[in-house]
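The values are calculated or read from the model by the stated rules, or taken from the named source; none is laboratory data. Here the structure is a predicted model, which means the values were calculated and not measured. All Cβ positions, glycine included, derive from the backbone under ideal geometry; neighbour counts span all protein chains shown. In case anyone asks, the SASA skips ligands and DNA or RNA and just uses the protein heavy atoms, side chains included. Shrake-Rupley method; radii C 1.70, N 1.55, O 1.52, S 1.80 Å.
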Amino acid sequence: MSLPRPKRTSTAPPPTVAPEDTLYTDIDRSGDTLDVPLSALCPNPFSKRKKKGVAELAATIEEVGLLQNIAHIRREVWLKVYPETEEAITAPNVILFGEHRWLAFKELERATIPSVLRDDLVDDALLITLIENLRRAQLSPLEEAEHYQTLRDAGLSYEQIADRVGETANGATSKGTVWKRVKLLSLAPAIKQALEDGTLKISAAEKAQPLDHADQTRYLNLVLGGTRPAQAYSQVLAHEQPKGEAEGEASESSVSSGNAAAHSGPPAPRASAEGGNGGASPPKDRKSGRARAKDDEHANDRRSAAAAREVACRVIVGYTDVSNPANTKLVMSVLAAAVLTPSNQSAAQQRAFTWLQKTRGKEGEAQSYFAAIHDSPDPVEQRLAAFAVALATTELRMASRRQAWGPRERNYVRLLQTYGDYQPATEWEAAQLGLETAGGTT
């Protein structure tokens with residue numbers, strides 16, 4: 001029979017347990033829910049959301065209670081990361097999210113509010129605050145634009161912002177939407193005020209973006225006077241451009257063979273239909289009154305469609321990273337559409353350079369810019385310039401085309417829809433695309 005073994009007494013010292021590993025401690029840690037005095041909290045300096053609906057929220061909390069706790073970060077932790085906000089931090093704790101609930105508790109004259117300590121999220125506090133507001137709040141267009149611009153200032157691209165924000169209170173977010181919202185901040189003060197007051201719809205404000213501030217004010221006056229935004233835009237363009245360019249009525253052949261028409265004199269007279277000499281007068285327009293009326297009826301639609309596509313082109317030129325392999329299909333589609341159709345490159349380069357100025361901050365003149373690009377050792381810059389010119393080439397051809405669209409034109413518009421957040425808005429264009437109805441709302 002085996003005897004029991006004697007117990008051995010260890011001579012090793014007891015293990016040391018770090019304070020943060022103990023089960024019970026008086027130190028508050030990230031993730032703990034605390035009852036924080038309202039006076040010990042201050043607003044988040046990064047929150048740009050207007051304080052509205054607090055009374056209604058207070059009534060709901062009074063009836064059903066607080067459904068979700070707020071979150072906070074301690075002042076000393078916050079200021080280590082965001083020292084520039086010191087003047088705005090007026091309490092021992094900064095609200096990470098839930099400021100409206102905090103204000104509602106004040107409205108109810110409560111002493112404390114349940115809040116989760118999130119010192120661990122301090123490095124991402126800026127992004128969390130803005131994205132939380134974008135996802136949950138019914139922000140005005142300009143509030144939304146300010147949030148997006150702050151995210152841009154933090155180093156995020158339009159695509160990264162769209163991916164992080166995802167679904168918002170106003171629907172899904174695309175990179176084109178982000179770009180167009182940010183551009184609202186550069187609108188004329190009168191346009192922004194009308195947008196803020198609700199007297200101008202956001203779609204109408206976006207149409208004004210390509211115009212300078214003086215023309216934006218003229219556009220606004222027309223729209224507020226009852227003119228449809230697309231027609232108002234066309235009228236402003238017609239006022240500032242030579243009639244032929246504003247009307248977009250040049251024939252496709254004149255765009256394709258611009259070099260032949262580069263002289264300063266009047267166009268050479270054509271031979272008569274009966275085979276007369278070159279000095280004969282041009283034949284009279286044999287179109288019937290009904291055909292001319294139909295042309296006039298569609299002229300505004302064609303100009304409006306061209307103006308809307310112009311905005312989509314700027315979206316594409318503004319955010320497309322031509323060095324990213326993921327965008328190869330887009331770049332090649334644009335280049336193919338341009339290369340397969342001869343064009344007036346001078347006009348296309350001028351249009352492309354305007355887009356690059358507006359969206360990429362390029363400076364100088366088109367001619368000197370493209371001359372420098374030709375000799376540039378930077379392949380990405382060369383690719384961007386070629387990409388923009390190709391897109392401009394196709395757009396010039398589209399703007400001048402009066403005949404019915406074929407597969408090539410429809411494919412181009414689908415490209416703008418996919419990558420430029422473009423929405424056809426006229427009956428004429430909807431008919432060309434084979435759509436049953438057009439989104440003609442403003």
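Matching residues to (1) open to solvent by 60 Å² or more (accessible area, probe 1.4 Å); (2) in a helix (DSSP H, G or I); (3) at pLDDT 50 or above:
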site	(1), (2), (3)
ALA190	no, yes, yes
SER203	no, yes, yes
GLY244	no, yes, no
PRO266	yes, no, no
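Residues considered: ALA399, ALA404, ALA386, ALA431. Of these, the only one that is more than 29 Å from SER203 (Cβ to Cβ) and at pLDDT 75 or above is ALA386. Only one entry in THR177, THR173, THR199 is surrounded by fewer than 16 Cβ atoms within 10 Å (Cβ to Cβ), hydroxyl-bearing (Ser, Thr, Tyr) and under 26 Å from ALA230 (Cβ atoms), namely THR199.
In a residue-by-residue description of segment 39-52, the property of being on the phi > 0 side of the Ramachandran plot and modelled with pLDDT of 90 or more applies to no position.
Provide a single number: the residues in segment 40-60 that are assigned to a loop (DSSP other than H, G, I, E, B) and in contact (Cβ under 8 Å) with a residue 40 or more places away in the chain. Outline the logic, then answer.
The first filter runs over segment 40-60 and keeps only residues assigned to a loop (DSSP other than H, G, I, E, B), leaving 43-53.
Now narrow it down to the ones that are in contact (Cβ under 8 Å) with a residue 40 or more places away in the chain: 43-51, 53.
Looking only at that region, the number is 10.
Taking the residues in segment 61-92 that are in a helix (DSSP H, G or I) and in contact with a helix residue (DSSP H, G or I) (Cβ under 8 Å, 6 or more places away or on another chain) as candidates, determine which candidate is most open to solvent (accessible area, probe 1.4 Å). Only one residue tops the list, namely LYS80. Applying the set (1) open to solvent by less than 30 Å² (accessible area, probe 1.4 Å); (2) at positive phi to GLY155 leaves exactly one unmet item: (1). Checked against the criterion of being touching a His at 6+ places or on another chain (Cβ under 7 Å), farther than 19 Å from ASP321 by Cβ and either aromatic (Phe, Trp, Tyr) or in contact (Cβ under 8 Å) with a residue 40 or more places away in the chain (or both), the candidates TRP405, TRP428 yield just one match: TRP428. When we screen SER186, SER140 for residues that are polar (S, T, N, Q) and either closer than 16 Å to LYS50 by Cα or surrounded by 17 or more Cβ atoms within 10 Å (Cβ to Cβ) (or both), the only hit is SER140.
Scanning segment 377-402 for residues that are open to solvent by less than 30 Å² (accessible area, probe 1.4 Å) and within 19 Å of SER323 (Cα to Cα) yields LEU384, ALA385, PHE387, ALA388, VAL389, ALA390, LEU391. State which residue pairs qualify: first residue farther than 23 Å from LEU220 by Cβ and inside segment 172-191, second residue of a type in the set (Val, Ile, Thr) in any location, beta carbons under 6 Å apart, and separation of 6 or more residues or different chains. Between residues of segment 172-191 that are farther than 23 Å from LEU220 by Cβ and residues that are of a type in the set (Val, Ile, Thr), the close pairs are THR173/VAL165; GLY176/VAL315; VAL178/ILE161. Taken as a whole, segment 119-134 holds at least one residue that is within 30 Å of ALA194 (Cα to Cα), hydroxyl-bearing (Ser, Thr, Tyr) and open to solvent by less than 20 Å² (accessible area, probe 1.4 Å).
Please specify each residue of segment 416-431 satisfying the condition of being assigned to a helix (DSSP H, G or I) and surrounded by fewer than 20 Cβ atoms within 10 Å (Cβ to Cβ). It would help to see each step written out before you state the result.
In the first step, residues of segment 416-431 are kept if they are assigned to a helix (DSSP H, G or I); the result is 416-420, 427-431.
Correct list: GLN417, THR418, GLU427, TRP428, ALA430, ALA431.
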